[in-house]
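First comes the structure, then the notes that go with it.
The values are calculated or read from the model by the stated rules, or taken from the named source; none is laboratory data. In this text the structure is predicted, and so the values were computed from the model without any measurement. No Cβ is skipped: glycine too gets one built from the backbone with ideal geometry, and neighbour counts run over all protein chains shown. Heavy atoms of the whole protein, side chains included, go into the accessibility calculation; ligands, DNA and RNA do not. Shrake-Rupley method; radii C 1.70, N 1.55, O 1.52, S 1.80 Å.
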Amino acid sequence: MSGDPVPPKRELRISDAEREAVVARLSAGVAEGRLTLPEFEERLDGVLRARTGGEVEPYIADLPAVAPTVAPDEVVELNSFAGEIKRSGRWTVPRRLVVRSKAGTVKLDLRHAVISYRVVEINLATQAGSTTIVLPAGATANIDGVNTSAGTATAKVPSTPEPGSTAPHIVVSGSTAAGTLVVRYERRFWRWRW
């Protein structure tokens, strides 16, 4: 009704677009060195659990008010022929990653990556090579959408998130022919991590 009072913005539920804008601010904070990776992860967890604008405010109160002018790309394509595609360390993971590789190796190490999206899609079109995806602790991956031909696809991680989990969920689809796909967590031996 027209006579009903309008609640303040901080009491309104936030939309997906507003939540993604806040996550983009947090990602920019990491990229600029304003936040450490553990601080980012802690704040991201809080933002993903938040329901109202007021619940989100504490996580961005000490960051610049202006959102980054360049947001992470929604879709990124990586292509290689008889070469190597490798991403590791701190890199920004897009919402959707398309990987095409023939007679080469692909390694996507997400352990220290900046992952702004709750669900990330990876679409593969690989032939005669190996693909390894290393997930951060707690992340999950579903590889049911991958078609194999004269090759293997193995997930050594849970395929569905636990109820209430805020860890990233990776959905892998596409095809791999005459090659291997392995999705796993970090391997450890004594002082080494890979």
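Using the Cα centre as the reference, give the magnitude of the dipole from point charges on the C-beta atoms of the chain (Lys, Arg: +1; Asp, Glu: -1; all else neutral), rounded to the nearest 20 debye.
Around 800 debye, computed over the chain.
Given a Förster distance of 35 Å, report the FRET efficiency between GLU42 and GLU84 from their Cβ-Cβ distance, rounded to the nearest 0.05.
FRET efficiency, GLU42 to GLU84: 0.55.
First measure r as the distance between the Cβ atoms of GLU162 and LYS102, then evaluate 1/(1 + (r/R0)^6) with R0 = 41 Å and state the FRET efficiency to the nearest 0.05.
The pair GLU162/LYS102 has a calculated efficiency of 0.65.
For ILE85, what is the net charge nearby, where nearby means another residue's Cβ is under 14 Å from its Cβ and Lys, Arg count +1, Asp, Glu -1?
+2
Can you show me the helix-derived [θ] at 222 nm for the chain, built from DSSP H runs with n ≥ 4 at -39,500 (n - 2.57) apiece and divided by the number of residues, rounded to the nearest 500.
Result for the chain: -6000 deg cm²/dmol, rounded to the nearest 500.
Once you put a point 7 Å from the Cα of THR154 and another 7 Å from the Cα of ARG49, both along the Cβ direction, what distance in nm separates them?
3.6
Leaving out ligands and nucleic acids, and using a 1.4 Å probe, what accessible area per residue does the chain come to in Å²?
57
If I stretch the segment between TYR185 and GLU74 completely, what's the gain in nm (0.36 nm per residue apart, minus their alpha carbon distance), one decimal?
37.5 nm
So which residue, out of VAL56, VAL75, VAL99, gets the largest mean-square fluctuation from a GNM of the chain using Cα contacts under 10 Å as springs?
In the Gaussian network model the winner is VAL75.
Mind telling me which of ALA28, ALA113, ALA50 comes out most flexible in a GNM of the chain, alpha-carbon contacts under 10 Å?
Residue with maximal mean-square fluctuation among ALA28, ALA113, ALA50: ALA50.
Mind pulling the angle between the C-alpha long axis of helix 16-31 and the longest principal axis of the chain? Nearest 10 degrees, somewhere in 0 to 90.
Tilt of helix 16-31: around 70 degrees.
I'd like to know which of THR132, VAL98, SER175 lies farthest towards the positive end of the charge dipole of the stretch 73-189, counting +1 on Cβ of Lys and Arg and -1 on Cβ of Asp and Glu.
The residue sitting most towards the positive pole is THR132.
Compute the relative contact order of the chain as a whole-number percentage, counting only Cα pairs closer than 8 Å that sit 6 or more residues apart in sequence.
16
Using R₀ = 35 Å, calculate the FRET efficiency as 1/(1 + (r/R₀)^6) where r is the Cβ-Cβ separation of ASP62 and VAL119; round to 0.05.
0.80
If you take mean projected area of the Cα convex hull in nm² from the coordinates, which of (1) 12.3; (2) 13.8; (3) 14.4 do you get?
(2)
Given a 1.4 angstrom probe, I'd like the percentage of the accessible area of the chain that is carbon and sulfur, rounded to a whole number.
52
How big is the dipole moment of the stretch 86-194 about its Cα centre under a simple scheme where the beta carbon of each Lys and Arg is +1, that of each Asp and Glu is -1, and everything else is neutral? Debye, nearest 20, please.
The calculation lands at about 500 debye.
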